[in-house]
Amino acid sequence: MEVGKGISESDVSRAIIEGFTKDLMEYTRTDVVIVGSGPAGLTAAKFIAETGVKTLIIERNIYAGGGFWQGGYLFPKTVVEAPAQEILLDMGIEMEEVKPDLYVADSFKVVAKLLAAVADSGAKLLNSTYVDDLIYKGGRIGGVLVNWFPITQMPKFITCMDPIALESKVVIDATGHEASMATRAAKVLGFEIKGHGHLNVEEAEREVVKNTKEIAPGLITCGMATASVFGTPRMGPIFGGMILSGRKAAETALEILKSKAIAQER
Ligand code: 48F
């Protein structure tokens, strides 16, 4: 068979345009939107989507993975502590024990296998897309407003280039240090975003998992966004707390969806 024979340029264009718009239409209404595809957001996505819940991850970068591609100082080594290594081992990620309960792995293998697990779970990724704001109606967060990320680099994009809305029953803020969804919600609902504190690994890791919760009706924070909301310390380049926080966000989202479904049945 001669490669490329019988394929026209417009065939290629149609495949891209039809495929993408079909997906986008399908995700105008979804169960869970996760903003940010770092370790916390990706872990949350895997644990939610594998239960069959319709899950959309939105990431402003072309690539997914956030800060998970490198450890500290741009060195591509991922460090996690117990018990988070169990989640990575379940995905087939090899880890070396550097001391009891502390593990290290190649960052590219960690991200590649986590992304594969997320893809297999059925979650969808909308990349190069910036979440600009939240839908707020009936006393709860009801989705997100999105635009192409390159638009944010143009002058005056907020005022003259409207985003489109994607509805969802739950939104998870996994935007890292910026906590940008929580910051929007805080302005509208009148609560305070404290900003994370100085480095303290033990306290930071404990608090980030403990504080992963629904912070406003329909809005959950996880990962570094949680530390920013609650003003707890930063943890530096260790990722166990991010992974465990992502899993807790997934459990919280599934509980919210269950209680909404029960309320609708009544
Ligand atoms: O920063 P990020 O990796 O967040 P995380 O999952 O993990 C934090 C760690 O990487 C590290 C740390 C602990 O080890 O301190 O920093 O909490 O990933 C956040 C992702 O969200 C995207 C951003 O590009 C990144 O990939 N993001 C942020 N704001 C938006 C967004 C937005 N408004 N719209 C879309 N994506």
Practice problem: Considering only Asp120, Asp90, Asp11, give the residue with the highest GNM mean-square fluctuation for the chain, with springs between Cα atoms whenever their separation is below 10 Å. | Solution: Asp11
Quiz item: At a Förster radius of 45 Å, what calculated FRET efficiency corresponds to the Cβ-Cβ distance of Lys187 and Asp11, to the nearest 0.05?
Solution: 0.45
Quiz item: Residues of the range 98-141 with amide nitrogen under 11 Å from the 7 Å Cα-to-Cβ point of Glu178?
Solution: 129-133
Quiz item: When only C-alpha pairs under 8 Å and at least 6 residues apart count, what is the relative contact order of the range 94-216, in percent?
Solution: 15 percent
Quiz item: If contacts are Cα pairs under 8 angstrom and at least 6 residues apart, what is the relative contact order of the chain in percent?
Solution: 22 percent
Quiz item: How many Å³ per residue does the convex hull of the Cα positions in the range 23-169 occupy?
Solution: 133 Å³
Quiz item: Gaussian network model of the chain, Cα springs within a sub-10 Å range: biggest mean-square fluctuation belongs to which of Lys187, Lys210, Lys46?
Solution: Lys187
Self-check item: Two-site label geometry, Asp162 and Thr28: point separation in nm, points 7 Å out along Cα→Cβ
Solution: 1.3 nm
Quiz item: How long are the three semi-axes of the equivalent ellipsoid for the range 165-253, computed from the Cα gyration tensor as the root of 5 times each eigenvalue, in whole Å, largest first?
Solution: 21, 15, 10
Self-check item: Positive-end residue of Ser13, Ala185, Ala40, charge dipole of the chain with Cβ unit charges
Solution: Ala185
Practice problem: Please arrange Ile193, Ile7, Ile262, Ile256 by accessible surface area, largest first, computed with a 1.4 Å probe and ligands excluded. | Solution: Ile7, Ile262, Ile193, Ile256
Practice problem: Quick one: check the C-alpha center-to-center distance for the range 110-157 versus the range 53-82, whole angstrom. | Solution: 15 Å
Self-check item: For the range 164-206, fraction of C-alpha pairs farther apart than 14 Å, in %
Solution: 63 percent
Quiz item: Among the chymotrypsin sites (Phe, Trp or Tyr not before Pro) within the range 158-266, which fall in a DSSP loop and have no more than 13 other Cβ atoms within 10 Å of their own Cβ?
Solution: Phe191
Quiz prompt | Among Pro217, Val170, Gly139 the positive-end extreme of the charge dipole of the chain (Cβ point charges) | solution = Gly139
Quiz item: Rounded to the nearest 20 Debye, what is the dipole magnitude of the range 110-266 about its Cα centre when Lys and Arg each give +1 and Asp and Glu each give -1 at the C-beta?
Solution: 240 debye
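Dipole of the chain, Cα-centred, from +1 at each Lys and Arg C-beta and -1 at each Asp and Glu C-beta, to the nearest 20 debye?
That gives a dipole near 740 debye.
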Quiz item: Straight-line reach from Lys99: which aspartates and glutamates have Cα under 20 Å away, leaving out those fewer than 8 places along the same chain?
Solution: Glu81, Glu86, Glu202, Glu203, Glu205
Self-check item: Mean separation of Cα contacts under 8 Å (6+ apart) over length of the range 140-203, as relative contact order %
Solution: 29 percent
Quiz item: Given DSSP loops and a limit of at most 15 other Cβ atoms within 10 Å, what is the longest stretch of the chain that contains no such GluC sites (Glu not before Pro)?
Solution: 95-191
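Let's see if you can work this out: charge +1 on each Lys and Arg Cβ, -1 on each Asp and Glu Cβ, no other charges. What is the dipole magnitude of the range 1-148 about its Cα centre, in debye to the nearest 20?
Charge dipole of the range 1-148: 460 debye, to the nearest 20.
The values are calculated or read from the model by the stated rules, or taken from the named source; none is laboratory data. Computed from a predicted structure; not experimentally measured. Reconstructed Cβ throughout: ideal geometry from the backbone, glycine too, with neighbour counts over all protein chains shown. Just the protein is used for accessible areas: all its heavy atoms, side chains included, with ligands, DNA and RNA removed. Shrake-Rupley method; radii C 1.70, N 1.55, O 1.52, S 1.80 Å.
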